[in-house]
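Here is the structure we will look at, set down as structure tokens.
The values are calculated or read from the model by the stated rules, or taken from the named source; none is laboratory data. Quick caveat, the model's predicted, so the values are computed rather than measured. Glycine also receives a Cβ, built like all others from the backbone with ideal geometry; neighbour counts cover every protein chain displayed. Only protein heavy atoms, including side chains, enter the accessible area calculation; ligands, DNA and RNA are left aside. Shrake-Rupley method; radii C 1.70, N 1.55, O 1.52, S 1.80 Å.
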Amino acid sequence: MLNRVISGNIKICGIIGDPLEHTMSPVMHNAAFDEMGVDYLYIPFRVEKEKLGRAIEGMRALNIRGLNVTIPHKVAVIQFLDELDDLAEKIGAVNTIVNDDGVLTGYNTDATGFLQALLKRGIEPKGKNVVILGAGGASRAISFILAERGSNLVILNRTVDKAKELADRISKILQRETEVLKLDRENLAKALSKADILVNATSVGMSPNIDETPVASNLLKSGMIVFDTIYNPIKTRLQTEAEEAGAITISGLDMLVWQGALAFEKWTGLKAPVELMREEVIKRLINNRN
Ligand code: NAP
């Protein structure tokens, strides 16, 4: 709930994507702006694919301070920006734009948010064997930041050619080799036998299909770190079964909150109230369920 007067000096931030019905970002950022007492407001803007260029022109014309970018615009938006952060350039996708006096710079806080979620749990991925499921947008950000950090990666995907494309990009840009396998039970068993960290970056198990899991429970083991990027439901079947097997689990909620917190810090220059942002998302997820 917004509790403040909108002044003439307000700085506008927001999110562009299509669809946006399920976005958690407005509730998370507006609560953070309120908490920090800054004159900022966060608005969802549904932007269709063919209107992306005009939307970014609008950002310039209206002097919008910052935008998050979500499906389907994360790759296409790059052509309309002035500067790209080094990591976003390597990944080839942007989820956060900062407008500094008309200069638009793109960042990828999905990647840095994922890493931050790991580091905050005391997990350093450098030198670890990481099995990543999926080769879509989330996997791309995660695979790049882990490869750059020095993890050994195996990527498994239902459509193996998409995983190959991702591995080729990593090899070309970071000069690190990545193993690629088709996502099936046999390959999973093989990959997980050597894994320190498992990341689910597929949508398998996401609401409403909460009874699904990408990994059979008998392949999960004690001591393994299981990071499910899904945040709805807050606890997936994969996470529940991983906990039962004695694994350490991290929720996609952590990644969501950290990508938001890092964007907040770029727009405001202030440290984000991370715990409050997390509570607001949890409240919204629970409300949506009821
Ligand atoms: P995406 O680009 O559409 O990729 C979807 C991925 O899931 C692809 O690898 C796809 O495989 C795989 N997949 C979908 N249905 C499958 C099935 N039935 N069996 C096996 N694989 C299947 O989507 P995305 O943006 O990367 O999102 C992927 C997940 O990441 C979602 O669960 C999303 O909630 C999560 N995510 C979380 C955050 C966060 O902040 N926590 C941020 C972004 C995304 P194919 O290539 O074979 O189609």
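The listed residues Thr229, Thr240 rank as Thr240, Thr229 when sorted by accessible area, largest first, using a 1.4 Å probe.
Relative to the longest principal axis of the Cα atoms of the chain, helix 52-61 runs at roughly 40 degrees.
Split the chain at each of the GluC sites (Glu not before Pro) in a DSSP loop with at most 16 other beta carbon atoms within 10 Å, and the longest piece is 49-176. PRE reach from Leu276 (point 7 Å along Cα→Cβ): which of the range 12-38 fall under 17 Å by backbone N? Correct set: 13, 25-38. Within the listed set Phe45, Phe264, Phe227, the residue fluctuating most in the Gaussian network model of the chain (springs between alpha-carbon atoms under 10 angstrom) is Phe45.
Placing +1 on the Cβ of every Lys and Arg and -1 on the Cβ of every Asp and Glu, with no other charges, gives the chain a dipole of roughly 300 debye about its Cα centre.
Sparse packing (at most 10 other Cβ atoms within 10 Å of the Cβ) combined with a DSSP loop state is found for none of the chymotrypsin sites (Phe, Trp or Tyr not before Pro) in the range 86-184.
Full extension of the chain between Ser222 and Arg121 yields a length gain of 34.7 nm, computed as 0.36 nm times the residue separation minus the alpha carbon distance. Positive-end ranking of Leu188, Leu104, Gly14 along the dipole of the chain, with charges on Cβ about the Cα centre, is headed by Leu188. When the chain is treated as a GNM with alpha-carbon contacts under 10 Å, the residue of Gln116, Gln79, Gln259 showing the greatest mean-square fluctuation is Gln79. Extension gain, Asp100 to Lys182, is 25.2 nm, computed as 0.36 nm per intervening residue step minus the present C-alpha separation. Between Asp18 and Asp39, the distance separating the two model label sites (each 7 Å from Cα on the Cα→Cβ line) works out to 3.4 nm.
For the chain, DSSP calls about 20 percent of its internal beta bridges antiparallel. Placing unit charges on the Cβ atoms of the charged side chains and taking the dipole of the chain about its Cα centre, the candidate lying farthest along the positive direction among Phe114, Leu67, Ile170 is Ile170.
Please give every one of the aspartates and glutamates within straight-line cross-link reach of Lys221, meaning a C-alpha to C-alpha distance under 12 Å, and leave out same-chain neighbours fewer than 8 residues apart. Counting by Cα, and skipping residues close in sequence, Lys221 has these aspartates and glutamates nearby: Asp196, Glu241, Glu243, Glu244. Once you have a ≥ b ≥ c as the square roots of the Cα gyration tensor eigenvalues for the range 135-272, tell me rounded if a/c is under 1.5, and otherwise prolate or oblate according to whether a/b is larger than b/c. Oblate is the answer for the range 135-272, as a/c is 1.5 or above yet b/c matches or exceeds a/b. Set the Cα radius of gyration of the chain against 2.2 N^0.38 Å, with N its number of residues, and you get 1.00.
Computed about its Cα centre, the charge dipole of the range 112-250 is approximately 340 debye, with only Lys, Arg, Asp and Glu carrying charge at their Cβ. First measure r as the distance between the Cβ atoms of Asp211 and Ala189, then evaluate 1/(1 + (r/R0)^6) with R0 = 22 Å and state the FRET efficiency to the nearest 0.05. In this case the efficiency is close to 0.50.
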